[in-house]
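J.: So that we are looking at the same thing, I have put the structure below in structure tokens.
Read the figures in this text as sums done on the coordinates, not as results from a lab. The model shown is predicted, which means the values in this text are computed figures rather than measured ones. Every residue, glycine among them, receives a Cβ derived from its backbone with ideal geometry; neighbour counts consider all protein chains shown.
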Amino acid sequence: MRIQPSILSADFANLDAEFASISSADGIHVDVMDGHFVPNMTFGLPVVKRMQEITSLPLDVHLMIEHPDHWAPKYAALGVFSVTVHFEACENLANLIPKIKSEGSRVGVAIKPGTPVTAILPYVENLDQVLVMSVEPGFGGQSFIPSSLDKIAELKSLLAERGLATWIQVDGGISAENISQVAAAGADTFVAGSSVFGAPDRNEMISRLRTLAVESAH
């Protein structure tokens, strides 16, 4: 059970201290937004490059951008732990997956709330991670969409049928109130933004979330 705080909820002007405040995390979820694929904008390659230099925690880069076929290998080349692209934005996913892997990164594919799990089945054998968005991508602080639980369970079943150990990551509205349900549905990797960065003791919250997830997993 992995907890990856989303720095969408962090103080961008003080990332060194923000990273230090989540030292017990299993990784840092980095939302790259371009203002086109999603209406919000965050940061690009130079900032992620700097993040990679200042933390020893694995960077889990989530590209909410147009033209991921062009950009994803460049992020992977920074040495980040994983790069996740959106199924809905890719032009040639079958071609892109090996390009990302050739740079040494794990590969993830994200699906929006409206995209069925079956859409990614042709590619799932070659993926390290599937990200089920439990909110509409683009903004932090949104509420978890309950129907996501059915998608997570369906994905877990489809991966099990194929004997795959692909990580199931969930992003959007994850908190101490719902992480048990999400883990019970089959997720093992959790992106938590405001619930971690809004806590008085962030590492304590990370530990609490992880414990709740472990206790609920089947």
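J.: Provide the packing ranking of 131-139, 152-160, i.e. peptides ordered by the mean count of other C-beta atoms within 10 Å per residue, highest first.
T.: Working: 131-139: 21.6, 152-160: 17.6.
Per-residue mean Cβ counts within 10 Å order the peptides as 131-139, 152-160.
J.: So I have [x] 43, 40, 29; [y] 43, 36, 35; [z] 60, 36, 33, and one of them is Cα extents along the principal axes in Å calculated from this model. Which one is it?
T.: [x]
J.: State the number of lysine pairs found in the chain whose Cα atoms come within less than 25 Å, restricting to pairs 8 or more positions apart or on distinct chains.
T.: 11
J.: So, counting K/R as plus one and D/E as minus one, what does the shell of residues with Cβ under 13 Å around S56 add up to? Don't skip to the end; give the middle numbers.
T.: Details: positive: none; negative: D16, D26, E53.
Combined, the nearby Lys, Arg, Asp and Glu give -3.
J.: Which ordering of D26, D171 is given by a fewest-first count of other beta-carbon atoms within 10 Å? Present the calculation step by step, with values, prior to reporting the outcome.
T.: Working: D26 17, D171 26.
Fewest-to-most ranking of D26, D171: D26, D171.
J.: Once the convex hull of the C-alpha atoms of the range 137-185 is built, how many Å³ does it hold per residue, rounded to a whole number?
T.: Values: hull volume 4.0 nm³, N = 49.
Taking only Cα atoms, the range 137-185 has a hull volume of 82 Å³ per residue.
J.: Between the range 124-139 and the range 18-65, how many Å separate their Cα centres?
T.: The two parts, judged by their Cα centres, are 16 Å apart.
J.: Along the charge dipole of the chain, pointing to its positive end and built from +1/-1 on Cβ of Lys, Arg, Asp and Glu, which listed residue (F144, V214, A13) has its Cα farthest out?
T.: V214
J.: Mind ranking 78-85, 198-205 by how tightly packed they are, going by the mean number of other C-beta atoms within 10 angstrom, highest first? Numbers along the way, then the final one.
T.: Numbers: 78-85: 23.4, 198-205: 14.6.
My ranking of the peptides, most packed first, is 78-85, 198-205.
J.: Moving on to the next point. Compute the signed sum of charges (Lys and Arg +1, Asp and Glu -1) over the other residues within less than 14 Å, Cβ to Cβ, of F12.
T.: -3
J.: To the nearest 20 debye, what is the magnitude of the charge dipole of the range 1-153 about its Cα centre, counting +1 on the Cβ of each Lys and Arg and -1 on the Cβ of each Asp and Glu? Numbers along the way, then the final one.
T.: Working: 9 positive and 17 negative charges, 44 e Å.
About 220 debye.
J.: Can you give the local net charge around P39? Use residues other than it whose beta-carbon is closer than 15 angstrom to its beta-carbon, Lys and Arg +1, Asp and Glu -1.
T.: Around P39, the surrounding residues sum to -4.
J.: Quick one, could you list the DSSP H helices from the chain stretching 15 Å or more along their long axis (Cα atoms) with average Kyte-Doolittle hydropathy of 0.0 or above? Spell out each step's value before the answer.
T.: Details: long enough: 148-161 (20 Å, 0.24); 202-216 (21 Å, -0.42).
Taking the DSSP H segments of the chain (at least 15 Å long, mean hydropathy at least 0.0), we get 148-161.
J.: Counting only DSSP beta bridges with both residues in the range 1-68, what percent are antiparallel, rounded to the nearest 5? Display every interim value, and only then the final one.
T.: Numbers: 1 of 8 bridges.
Antiparallel bridges: around 10 percent, rounded to the nearest 5.
J.: Can you show me the helix-derived [θ] at 222 nm for the chain, built from DSSP H runs with n ≥ 4 at -39,500 (n - 2.57) apiece and divided by the number of residues, rounded to the nearest 500. Don't jump to the answer; show the numbers that get you there.
T.: On the way: 8 runs with 75 residues, N = 218.
Rounded to the nearest 500, it is -10000 deg cm²/dmol.
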